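Trainee: The structure's right below; bear with me while I get my questions together.
The values are calculated or read from the model by the stated rules, or taken from the named source; none is laboratory data. Computed from a prediction, not measured in an experiment: that's the story for all the values here. When we count neighbours, we look across all protein chains shown, and the Cβ atoms used for this are built from the backbone with ideal geometry, even at glycine. Note: areas computed on protein heavy atoms with side chains; ligands, DNA, RNA excluded. Shrake-Rupley method; radii C 1.70, N 1.55, O 1.52, S 1.80 Å.
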Amino acid sequence: MVAESTASPREQAAASFDALYADLHPIGRDPATGGYHRFVYADEELTLREWFTGEARARGLDVHEDRGGNIWAWWGDPADGDAVGTGSHLDSVPQGGPYDGPLGVVSALGAVDLLRSRGVQPRRPLGLVAFADEEGGRFGVACSGSRILTGALSRERALGLTDEDGVSYGEALRRTGRDPESIGRDDEVLGALGTFVELHVEQGRGLIEHDAPLGLYTMIRPHGRYRFDLLGRADHAGATRIQDRDDPMLTQAELVLAARRAAERHGAVATVGRVLVEPNGINAIPSRVRAWLDTRADEEATVRAIVAEVRDAIGVEPFEEMWTARVDLDLDLMERLDGVLGGIPRLPSGAGHDAGIMATAGVPTAMILVRNPTGVSHSPDEHAERDDCVEGVVRLADVLEDLLR
Ligand code: HGY
Ligand code: MN
Ligand code: MN
């Protein structure tokens, strides 16, 4: 729905925000918890793609999917170059919150409504984007869409990724009518982009401490995802003597404690949030435990040191499933945005974002963050106040108007 332009800019931004979020509310929502399950190329996410496409076309934008499965909605011809890109992602972690990702997409659509009501005539193309699979919730590699788009994730590696049911990325593409052999770096889109700005709900408490509705991210912390395959010997839970056991669950326990100790030692963070136990029977000693370590720090060397300490503590070499280098966002662009936004707080991001992948690919990139009153994210309890979200829409429009001059 496109909000009427009779209202004042702020009222219009609020109307756009309310209408767009009302559309999104039920899609992939678990009524028992209020959490969202929106995995890439699964039904809920395909519905979200249709929604975004419909909203973009209702605004007269020209919609194209790039070779990474990301959906771009263009105001102007990207072939003219030096385009401004803005947007975020629609997928979620399991039991995710309503704002992580969608807030950036909704705000981009709302900002277009405002630019139109102001009679802005962009002097360069504007591309709204809904990135595919930012969370990596289904196939394990975060930002798979933007990594494929920029060539950071090869077609071969992507197509071989599998989900919990053993469905490969390639098969998931095929099932949705996409050609797996067509994915890859998309120089046409990358070549069109001169600037990228992502608006995102804050995942942390920085703006609470600053008592400010909006901020700018300065950098994205380096982080990696490591899979530990812990092997043991299946046997009977009751009949097997303790001294005869080879139980990988013990190593798993040591892994978690070693990761926590290393993170504390280095002033960093480490999480083991996903564990797959085989055969996963109450009365069966596991034959194998697969555990994933997500660890992050300000410096890359620290992340590597933590992984090494965990590896040495349990004597198991992990498989590095994903690495994200530290990203320092574009200072000149940050200053330009700050000139429009009037001096707002600047914070580091503990969370990864597609903006980081775009910056790593050489696109001058900035991030605007919207206050999260509890700081909680990747949880059904994630929240953002409507007034702060509307402020984000209005200020994103201000920033885009400046960039499109
Ligand atoms: O894991 C992250 O930091 C992001 O939410 N994908
Ligand atoms: Mn997230
Ligand atoms: Mn996100």
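Trainee: So what's the Cα pair-distance distribution over the range 114-164, bin width 10 Å, in %?
Mentor: Taking every Cα pair in the range 114-164, the percentages come to 22, 37, 16, 18, 8.
Trainee: Give me the net charge of M367's neighbourhood, meaning all other residues with Cβ under 15 Å from the Cβ of M367; Lys, Arg count +1, Asp, Glu -1. Display every interim value, and only then the final one.
Mentor: On the way: positive: R221, R326, R336, R346, R371, R395; negative: D100, E134, E198, E202, D328, D330, D332, E335, D338, D354.
My count for the surroundings of M367 gives -4.
Trainee: Could you tell me what a quarter of the Cα convex hull surface of the chain works out to, in nm² with one decimal place?
Mentor: Values: hull surface 80.7 nm².
Seen from a random direction, the Cα hull of the chain projects 20.2 nm² on average.
Trainee: Counting only heavy atoms of the protein chains, get the accessible area per residue of the chain (1.4 Å probe) and round it to a whole Å² value.
Mentor: 41 Å²
Trainee: Something else: By the scheme Lys and Arg +1, Asp and Glu -1, what is the net charge of all other residues having a beta-carbon under 13 Å from that of R175? Could you put the intermediate results ahead of the total?
Mentor: Numbers: positive: R138, R174, R178; negative: D43, E45, D163, D165, E171, D179.
Residues close to R175 contribute a combined charge of -3.
Trainee: What fraction of the DSSP beta bridges in the chain is antiparallel, stated in percent and rounded to the nearest 5?
Mentor: Values: 43 of 63 bridges.
Percentage antiparallel, nearest 5: 70.
Trainee: While we're here: What is the angle, in °, between the Cα long axis of helix 248-266 and the longest principal axis of the Cα atoms in the chain? Nearest 10 is fine, range 0 to 90.
Mentor: Once rounded, the angle reads 50 degrees.
Trainee: Rounded to the nearest Å, what's the spacing between the alpha carbon centres of the range 67-101 and the range 285-349? Just the number, please.
Mentor: 22 Å
Trainee: Please give the helix 43-58 orientation as an angle from the longest Cα principal axis of the chain, in degrees from 0 to 90, rounded to the nearest 10.
Mentor: Between helix and principal axis, roughly 10 degrees.
Trainee: Still on this structure, please answer the following. Note the per residue figure in Å³ for the convex hull of the C-alpha positions in the range 185-275. Let's see the in-between values first.
Mentor: Working: hull volume 18.5 nm³, N = 91.
In the range 185-275, the Cα hull volume divided by residue count equals 203 Å³.
Trainee: Quick one: pull the percent of accessible area on the range 274-376 belonging to carbon and sulfur, 1.4 Å probe, ligands and nucleic acids left out. The partial results should precede the final answer.
Mentor: Values: 2190 of 4320 Å².
So the carbon and sulfur contribution to the accessible surface is 51 percent.
Trainee: Provide the per-residue ³J(HN,Hα) series for the range 157-169, in order, calculated from phi with Karplus coefficients 6.51, -1.76, 1.60 and θ = phi - 60°, each as a whole number of Hz, with x at glycine and proline positions.
Mentor: With the stated coefficients, the range 157-169 comes to 5, 4, 5, x, 5, 10, 8, 5, 8, x, 7, 7, 4 Hz.
Trainee: So what's the back-of-envelope 222 nm ellipticity for the chain, counting only DSSP H runs of four-plus at -39500 (n - 2.57) apiece and dividing by all residues, rounded to 500?
Mentor: Working: 13 runs with 149 residues, N = 405.
It comes out at -11500 deg cm²/dmol, rounded to the nearest 500.
Trainee: Can you give the angle from 0 to 90° between the axis of helix 102-117 and the longest principal axis of the chain, with both taken from C-alpha atoms, to the nearest 10?
Mentor: Tilt of helix 102-117: around 0 degrees.
Trainee: I've got another one for you. Evaluate 2.2 N^0.38 Å with N set to the residue count of the range 224-324, then give the Cα radius of gyration divided by it.
Mentor: So the range 224-324 has a normalised radius of gyration of 1.15.
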